[in-house]
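Below is one structure; the comments refer to it alone.
Please treat every number below as a calculation from the coordinates, not as lab data. Since this is a predicted model, take the numbers as computed values, not measurements. Here Cβ is always computed from backbone atoms with ideal geometry, including for glycine, and neighbour counts include all displayed protein chains.
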C-alpha cells in the first residue's frame, strides 16, 4: 500500500499500468474519492492526476469515456461523504490524534470558512480547483449544516467542471509533443497554478496585518 501511494504521488502511470493493468481505473477512482472524501488526505494529487490521466487517454492507454464517468462519480461521492462526516461528527474530528498529533489540522478548516465567506455558495464550485480547500469545503458545508439539496446541486456542477476541464485539457494537449515528453514539468506547473490563489491570499493577509 505504501508503495502504491508513493507511485501515485509521483504520478507514475507506467508503474500503475504494469502492476494493475485495467484495475488502474479502480485506483484512480479511489484516489479522487479519498482526496475529496477524507479530510485527513488533502495532499493527494487531484488536479495533476486528472490532467495526466487525460494525457494517457490520448495515447490510447485509457478510455476517455470511462475516465470522465468514473472520476465524476468518485468526486461527487467523495464530497458527499465528506459533507455528512462534517454534519454528523463536526469539529470533534479535530480531537482525533495519531502519534500524539492531530489527525486533521484545524487551520485548513478556518481557511475554508474564510473562502466560504468571501465567495458564498459558489465556493462549492470554486473550491474544486483549489488544493486543500477542495478537501475541506464539503466538510465545512456539513459542519455549517448547509441545505443539502443546495449543496448537492452545486457539488454536482463543480464536480463535472473539475473532472471535465482538467481531464479534457490533458486529452487535448496530449498531441503536443513537448507536453507529452515532459509530463513531470507540466504537472509541477499545474500544482503551482493550483496553489497560487492560496499563496496570494497568504501574502495579502500577512501584509494587511
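How do 112-125, 64-77, 39-52 rank on mean C-beta neighbours within 10 Å, highest first? Write out the running numbers ahead of the final one.
Details: 112-125: 16.9, 64-77: 18.5, 39-52: 21.4.
So the peptides 112-125, 64-77, 39-52, ranked by packing, come out 39-52, 64-77, 112-125.
Annotation for residue 89 and residue 40: the two label points, set 7 Å from Cα along the Cα-Cβ direction, are 0.7 nm apart. One chain, two ends: residue 65 and residue 21. Fully extended at 0.36 nm per residue, the span grows by 14.1 nm beyond their Cα-Cα distance.
Shape call for segment 1-66 from the C-alpha gyration tensor, a ≥ b ≥ c root eigenvalues: rounded (a/c under 1.5), prolate (a/b greater than b/c) or oblate?
In terms of gyration-tensor shape, prolate.
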